[in-house]
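Q: Encoded as structure tokens, here's the structure I'll be asking about.
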Amino acid sequence: METHQQLLKILEALNRVSRGLRRSQDSPDSDLSAIKALDELRAASGLILSGDPLLVSLSQHLSQLADSVQDLHNTKPAQGLISFVTRRVRSHEVSRLAAEIESELDGLIDRENLSNLTKNLAGMRCNVQASVASSEEDQLFDLMSVLQERLSRGFDIDLQDLLLKSGIFTELEWVLCNPLFSKRVREKAAISMKELVLFNKDVFVGSVLVGGSVKALISMGSLCSLQVLSSLIKAIKSPLVDEMESCGGILKIVGHLSSEDMETRAMAVECVMEIGYFGRKEAVESMINGGLIKRLVELQSAEVGVARERKHPFANCVARFAVQLEVGEGLRQREKRAFKQQILSKVREACVSDAESATIVAQVLWGSSP
């Protein structure tokens with residue numbers, strides 16, 4: 001692990017130098033600074049880089065870059081056309097080499113970070129006891145944070161190959177589903193898995209649907225797990241809702257509408273809205289029969305007394321749900337009409353006064369398309 005950390009520090013330092021070279025090439029002072037930095041890094045990294053066959057080409061490119069920067073520095077700015085052209089050509093060569101090295105370094109840094117994470121997880125699998133030490137959890141948390149940040153930068157074909165070869169999704173799922181880990185670490189694993197799905201849905205959606213991650217997220221019932229579920233529903237759509245329905249998760253989501261924590265209730269509403277949009281008949285039926293409309297009415301009624309300048313997260317939530325069904329992708333047209341009538345009926349049953357009932361019914365009727 002110590003060697004990995006040394007290599008990462010060297011690679012990241014080299015990356016900073018190469019980026020700096022591409023940004024400022026017309027200053028003699030920057031040339032000297034880059035030459036000095038490259039010489040120092042090459043001296044410090046000589047043994048480590050030469051010990052890894054995959055780093056041999058990087059070492060060679062660094063030597064070429066150092067020579068090109070030296071040539072550029074030796075070409076003094078002048079008024080003549082030949083001097084001007086020569087300096088521009090050499091400047092372009094430095095930029096080209098720096099860009100190549102930057103791309104190479106990015107791939108090597110990705111490789112090292114992912115290797116650190118997978119080796120850390122493999123070690124935990126082999127030595128897991130009745131509990132996990134807080135220091136081990138802290139290290140794992142930091143490594144998952146690095147992966148999460150990298151994935152958030154968008155798709156990269158080389159990184160995808162590394163991810164697939166590493167089997168990282170399965171390792172993260174093991175953490176998510178393992179009660180020996182703290183809630184904080186399990187939630188970080190869930191966020192990292194979500195980022196993998198958003199990184200490439202075609203590759204990782206199947207892993208979500210066939211594993212135990214959906215059931216684990218539903219069982220956790222935390223604000224973070226609901227946020228991850230909401231993102232996954234948007235990304236995977238009806239197949240994820242089907243999986244939630246098959247493992248009894250729909251009713252648990254509805255149950256979170258009664259949570260004591262307001263943010264958790266608000267996120268449960270968002271999940272309900274997404275399920276309404278993408279869910280098929282069985283999922284929507286499960287929610288409505290599970291008391292969804294009554295709970296939405298109760299949440300919406302709590303808006304009374306809230307200052308007008310404050311945005312209430314549950315305002316018009318019954319009509320919002322009706323709209324989701326109306327414009328959504330999961331239901332046939334006749335099913336949409338039938339569910340709209342059920343919603344109106346449930347609203348009348350749930351309301352404590354005729355005035356409240358009339359208001360919400362009007363919102364449902366006028367808030368969704370005819």
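Q: List the pairs whose first member sits in the range 242-270 and is within 13 Å of SER286 (Cα to Cα) and among the aromatic types (Phe, Trp, Tyr), whose second member is modelled with pLDDT of 95 or more and part of a loop (DSSP other than H, G, I, E, B), and whose Cβ atoms are under 6 Å apart, counting only residues at least 6 apart or on separate chains?
A: none
Q: Can you name every residue in the range 219-251 that is in a helix (DSSP H, G or I) and touching a Ser or Thr at 6+ places or on another chain (Cβ under 8 Å)?
A: Initial filter on the range 219-251 (in a helix (DSSP H, G or I)): 219-220, 223-236, 238-246, 249-251.
Listed by number, the residues that qualify are LEU223, LEU226, GLU245, ILE250, LEU251.
This table checks each residue for (1) touching an Asp or Glu at 6+ places or on another chain (Cβ under 9 Å); (2) surrounded by 22 or more Cβ atoms within 10 Å (Cβ to Cβ); (3) among the polar types (S, T, N, Q).
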site: SER238; (1), (2), (3): yes, no, yes
site: VAL254; (1), (2), (3): no, yes, no
site: SER259; (1), (2), (3): no, no, yes
site: ILE275; (1), (2), (3): yes, yes, no
site: GLU282; (1), (2), (3): yes, no, no
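Q: Is it true that GLY154 is of a type in the set (Gly, Ala, Ser) and not in a helix (DSSP H, G or I)?
A: yes
Q: Only one of (1) surrounded by 16 or more Cβ atoms within 10 Å (Cβ to Cβ); (2) part of a helix (DSSP H, G or I); (3) in contact with a Ser or Thr (Cβ under 8 Å, 6 or more places away or on another chain) fails for MET124. Which number is that?
A: MET124 satisfies all of (1) surrounded by 16 or more Cβ atoms within 10 Å (Cβ to Cβ); (2) part of a helix (DSSP H, G or I); (3) in contact with a Ser or Thr (Cβ under 8 Å, 6 or more places away or on another chain) except (3).
Q: Now, a different point. For ASP161, all conditions in the list (1) more than 25 Å from ASP138 (Cα to Cα); (2) under 15 Å from the mean Cα position of the chain (by Cα) hold save one; what is the number of the exception?
A: So ASP161 meets the others, but not (2).
Q: Can you tell me which residues in the range 102-161 are more than 23 Å from LYS9 (Cα to Cα) and basic (Lys, Arg)?
A: Correct list: ARG125 only.
Q: Only residues that are basic (Lys, Arg) and touching a helix residue (DSSP H, G or I) at 6+ places or on another chain (Cβ under 9 Å): list them for the range 323-353, please.
A: Residues satisfying the conditions are ARG332, LYS336, LYS340, LYS346, ARG348.
The values are calculated or read from the model by the stated rules, or taken from the named source; none is laboratory data. Not measured: the values here are computed from a predicted model. Every residue, glycine among them, receives a Cβ derived from its backbone with ideal geometry; neighbour counts consider all protein chains shown.
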